[in-house]
Structure formats: C-alpha cells, structure tokens
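In what follows, a structure is listed as structure tokens, so that the remarks can point back to it.
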Amino acid sequence: MDLAGDSRGSFKRIALLFAMEAEARPFVERLGLSQDAAFGDPRLPFVHYRGRYGNSLELLLSVNGRDPRFGVDNIGTEPATLNAYVTLRGFAPQLCISAGTAGGFRSRGGAIGDVYVSDRPLRFHDRRIPLPGFDAYGVGSYPAAPSGELARAVGLKQGGVSTGNSLDHTEKCLELIERGGASVKEMEAAAIAWVAWCLGTPFLALKAITDLVDGEHATEEEFLRNLEAASRALGEKLHRVLEYLDRGGGQAAV
Ligand code: SAH
C-alpha cells in the first residue's frame, strides 16, 4: 500500500480518529468543525464532526466519547476498533489518520511535545500468544502508508508506533516495543490500522508525546501535566498535514 490516493491520485476525503476529547478539542475549535449527530449509530458513544479544509478536503473527525458509568473517555483498542469501522464504513475516506497523544522514549530521541508520524507497520506489544502462527498474528504489523515526504514537508519525526491496552508497561511490553523498533507507545493505533487494512484504506498514525516511558517521572503525572500542550502541538501539525494534502501532496508513493 502506498500514499497514492484515489484514481485521480490524491487524498480528498480524510477521516481523523481520536480517543480523547481533550486531544481533539484544539483542532475541532480551530477548524470550527460542527458535530454531525446523524452520522453513525446513535446507540454508540462516538462523537462525529464534519468539516472542510482549504480548497479540496472533506473531513470526518470522530472521537470515542465518554463512558457514562465511569465518566471518562473511551480509550483503548475496543472503542478505537468500533469507531474506526463506523467511521470508515460510513464515510469511505481515502486516508485514515489515528491522531492522539502517546508515550515517547528518550533512548530513541523522543522529547515531550514532539509529533511523530508512523513510518512502519503498526504493532501490538501486549498480545503475547506463544503458539505457532499466532505469535506473529498477536504482534499484528498492519500497514502504514509511507510518510517520508509528508514528514519532511510538515516537520514531523518519523517512528514506529506500538499499541497496547495499558498506560503503564511490563518488562515484556518494553521488550516487544524494542524488538519492533517503535519510538511511540499508545493505546489505539494498531487497532485502527487493522480496520483500515481490512477495508483497504490507507492509514497513518500522528502522535504527540505527552510522557517519556524511560524518563524519571511517573507516566500518569507526566501525561496529565502535558496533555493540553501536546494536544495543541498535535492540532498545529495536523493543520499542516491537511495543508499539505490540500495542495495535492501525497499523490505519489513517498
Ligand atoms: N488518566 C488519563 C488517561 C489517559 S490514558 C485521563 O483520562 O486523563 C492515555 C491516552 O493517551 C490513551 O488514549 C493513549 O493512546 C495515550 N497515551 C499517552 N501516553 C501513553 C503511554 N505512555 N502509554 C500508552 N498510552 C499513552
């Protein structure tokens, strides 16, 4: 799969998937996107926004919404998977972007506020199945569109993105992240990449670093301290990604 767009060779319908409302807010407000309550399935908690960008882009931005029992955002792979299906099926985008925050690694050159774009297949680090065939299935490795030209044009770091359902990690998680060469740890991207792969939609992950997994601070404290600033940085870069696509960037494999 490459970043080759539709038959006219460009990406004009873009789906943006976010887990948390706080991650999406700066971007939704800046673009003045309006909620589309008629999209999707009203029984599900997802919140969908529609909008246009520049001269040519049509956007559908979907956020996972809140769990009414726990009063928190629906983070992790299950809501991400279902929202991806509802969004991709209903909107039929030419490109799907999993946008959000993530943990970075100082040992791989990561710093708080960096924004990464995926540059290799998306992997899971918490699906350990030591059975022939299922071991590789567990890791996943779902394709990401090439992003080299986009990264240069917009000023993004490139790196591997690894997904698991915990904010913290075990030694085994770290070993699998290291083995996959990932620079970014989060909780949704590989699940969305699986749906995009099933439906034949090109996929990218765009992730802003809120915390350093191998830094000296507790992840949860660092995450909450940096969530707002990282989400602003994410919104800023996303804006520039759309500018690039609106100009016709991404037409050829990069
Ligand atoms: N207590 C927080 C929970 C956020 S969990 C709150 O509700 O305010 C973290 C979210 O940010 C997930 O959606 C995940 O994709 C991303 N994330 C940020 N840093 C992460 C890390 N170090 N590990 C895993 N996910 C991380």
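Figures for the structure shown
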{"read-out": "For region 88-239: rounded, prolate or oblate by the Cα gyration tensor [a/c cutoff 1.5]", "value": "oblate"}
{"read-out": "Ordering of 212-225, 180-193, 79-92 by burial proxy (mean other Cβ atoms within 10 Å per residue, highest first)", "value": "180-193, 79-92, 212-225"}
{"read-out": "Packing-based ranking, highest mean first, of 47-58, 128-139 given that Cβ atoms within 10 Å are counted", "value": "47-58, 128-139"}
{"read-out": "Relative packing of peptides 153-161, 98-106 - highest average C-beta neighbours within 10 Å first", "value": "98-106, 153-161"}
{"read-out": "Stokes-Einstein translational diffusion, the chain - Kirkwood Rh over all Cα pairs, 1.002 mPa s, 20 °C, in µm²/s", "value": "119 µm²/s"}
{"read-out": "Modelled FRET efficiency - R0 45 Å, Arg106 with Leu199, Cβ distances, 0.05 increments", "value": "0.80"}
{"read-out": "Global geometry of region 1-105, whether rounded, prolate or oblate, following the gyration tensor of its Cα atoms and the 1.5 cut on a/c", "value": "prolate"}
{"read-out": "Relative contact order %, region 17-155, counting alpha carbon pairs below 8 Å whose residues are six or more apart", "value": "20 percent"}
{"read-out": "Sequence-separation-based contact order of region 81-213, relative, with Cα cut under 8 Å and 6+ spacing, percent", "value": "43 percent"}
{"read-out": "Over the chain, relative contact order from alpha-carbon pairs under 8 Å, at least 6 apart, %", "value": "29 percent"}
{"read-out": "Spatially proximal lysines relative to Lys237 (Cα-Cα < 24 Å; intrachain offsets below 8 disregarded)", "value": "Lys12, Lys157, Lys185, Lys207"}
{"read-out": "Inter-centroid distance (Cα atoms) of region 172-208 relative to region 213-227, Å", "value": "20 Å"}
{"read-out": "Per residue, in Å², the accessible surface of region 13-251 once ligands and nucleic acids are set aside, probe 1.4 Å", "value": "44 Å²"}
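The values are calculated or read from the model by the stated rules, or taken from the named source; none is laboratory data. Note that the structure is predicted; figures quoted are calculated from it, not measured. A quick note on method: Cβ atoms are made from the backbone with ideal geometry, for glycine too, and the neighbour counts reach across all protein chains shown. Each accessible area value is taken on the protein alone, full model and side chains, heavy atoms only, with ligands, DNA and RNA left out. Shrake-Rupley method; radii C 1.70, N 1.55, O 1.52, S 1.80 Å.
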